[in-house]
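Right, one structure below, let's go through it.
The values are calculated or read from the model by the stated rules, or taken from the named source; none is laboratory data. Quick caveat: nothing in here was measured; it's all calculated off a predicted structure. Heads up, the Cβs are rebuilt from the backbone with ideal geometry, glycines too, and the neighbour counts pull from every protein chain shown. Side chains are part of the model used for accessible areas, which takes the heavy atoms of the whole protein and leaves out ligands, DNA and RNA. Shrake-Rupley method; radii C 1.70, N 1.55, O 1.52, S 1.80 Å.
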Amino acid sequence: QAFKGLTGCLRPLVLQPNPENAITIALSARVLFNMEKEQQIYEQRGMEEYIRYQVEHETEPFSPGPAFSFVKALEAVNTQLRELYPNNEELFDVVLMTNNHANVGLRLINTINHHQLFIERFCMTGGNSPIGYLKAYHTNLYLSADPGKVLEALEEGIAAATMFTPEKMKEVSETQLRVAFDGDAVLFSDESEQIFKAHGLDKFFEHEKAHENKPLDHGPLKGFLEALGQLQKKFYSKGQRMDCPIRTYLVTARSAASSGTRALKTLRSWGLEIDEALFLAGAPKGPMLEKIRPHIFFDDQMFHVTGAAEAGMVACHVPYGIAQRVGQKKQLKDIEGPSAPK
């Protein structure tokens, strides 16, 4: 009787990803589910009242948060991979990574079963930072609503980003995972951005032209793009290049003619492909992202993150590179409204 209502819908048994071979996505509970009301209780009334509220409402599932559609798309890719490769261990594996206390775990489990998500691995740290566990989980990407924890993860060398909730999320594909990346300070290092910040646009163009055959160093999310590419090749080898359930996009403020060559040659030198490259020459990214409808978009500039959120897209801020040292932290702190993490 004590466990009534906790099992939710029965899920079919499926092959679990092998942690050593899987692409591990670690998510905070606050990006997977909408916990805004609970967060306000914690901030206004303290930890004990927060835990008491969660226990009293543990049979009431949370509603989806900004990462929910992303996770469902990961599961759709896993389903298609299992059909093509029944014994495949290279799958997406989602870990719920939260500093919640274990007493809150029952409500999280109930919610996962209610929404029929395939999340089996939890890390609940009882108020301590979960960042120290990320390497033990072989994490390929960490997403959180807490900018401080994201910075911690990046300092540990783990790809990480702060996820923002648009006021009204646009519908996205249920069968094809779409991931969009900015270039500099996301896929690439901030080398070229440093030239732009220090010397202006003309010197930036000169530098890129002079170095177009020298690959850029990698940025924090290069490894995640690499992991996506490995899975794409599994579909390509089965003749499914045009029907691949993973599609990647480079959405950059660079202009194609004057600075696009180096970006594309860098990807080629890494042995990586990008499905679509959009060079916007400084134009706003929001309208283009609204057309693409990615499940997730990564950028190091808060201007572009908020623009994407205003267009109804789930966007993530990557606090990496020189842009963060010239005022981005203050800009992040000052942002208010529905697009900011709660």
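Per-residue 3J(HN,Hα) values for the range 265-281, derived from phi via the Karplus relation 6.51 cos²θ - 1.76 cosθ + 1.60 with θ = phi - 60°, read 5, 5, 4, 4, 5, 7, x, 10, 10, 10, 5, 9, 10, 10, 9, 9, 6 Hz in sequence order (x marks Gly and Pro). Placing +1 on each Lys and Arg Cβ and -1 on each Asp and Glu Cβ, with no other charges, gives the chain a dipole about its Cα centre of roughly 400 debye. Neighbours of ARG254 by Cβ distance under 9 Å: Lys/Arg scored +1, Asp/Glu scored -1, total -1. Taking 7 Å steps out from each Cα toward its Cβ at ASN87 and GLU276 produces label points 3.8 nm apart.
Once backbone amide H atoms are built at 1.01 Å from N, ALA160 has TYR142 as its partners under 5 Å, excluding neighbours fewer than 5 places away on the same chain. Sequentially through the range 306-314, phi angles give Karplus couplings (6.51, -1.76, 1.60; θ = phi - 60°) of 5, x, 5, 5, 5, 8, x, 9, 7 Hz, Gly and Pro residues having no value and appearing as x. Taking label points 7 Å from Cα along the Cα-to-Cβ direction, GLN240 and ALA210 give a separation of 4.8 nm.
Over the range 9-132, the alpha carbon radius of gyration divided by the compact-protein estimate 2.2 N^0.38 Å works out to 1.12. Basic side chains Lys and Arg get +1 at the Cβ, acidic Asp and Glu get -1 at the Cβ, and with that the dipole of the range 177-328 about its Cα centre reaches some 480 debye. For the range 177-328, the tally of Lys pairs with Cα-Cα distances below 28 Å comes to 29, considering only residues 8 or more apart or on different chains. Scalar couplings 3J(HN,Hα) for the range 58-66, obtained by applying the Karplus form with A = 6.51, B = -1.76, C = 1.60 to θ = phi - 60°, are 5, 8, 9, x, 6, 7, x, x, x Hz; x denotes Gly and Pro. Out of residues 5 or more away from HIS218 or on other chains, whose amide H comes under 5 Å of its own, with H placed 1.01 Å from N in the peptide plane? Those qualifying (amide H under 5 Å, at least 5 residues apart or on another chain) are SER189. Amide H contacts under 5 Å for ALA277: LEU250, restricted to partners 5 or more places along the chain or on a different chain, H placed in the peptide plane at 1.01 Å from N.
Of all the Cα-Cα pairs you can form in the chain, what percent are over 29 Å apart? Of all Cα-Cα distances in the chain, 39 percent exceed 29 Å. Note on LYS170: accessible area is roughly 70 Å² with a 1.4 Å probe, heavy atoms of protein only. Using a probe of 1.4 angstrom and keeping all protein chains present, the accessible surface of the range 23-162 works out to 41 square angstrom per residue. Restricting the calculation to Cα atoms, the range 28-85 shows an Rg/Rh of 1.20 when the hydrodynamic-style radius is the Kirkwood one. Placing unit charges on the Cβ atoms of the charged side chains and taking the dipole of the range 177-328 about its Cα centre, the candidate lying farthest along the positive direction among VAL305, ALA281, LEU225 is LEU225.
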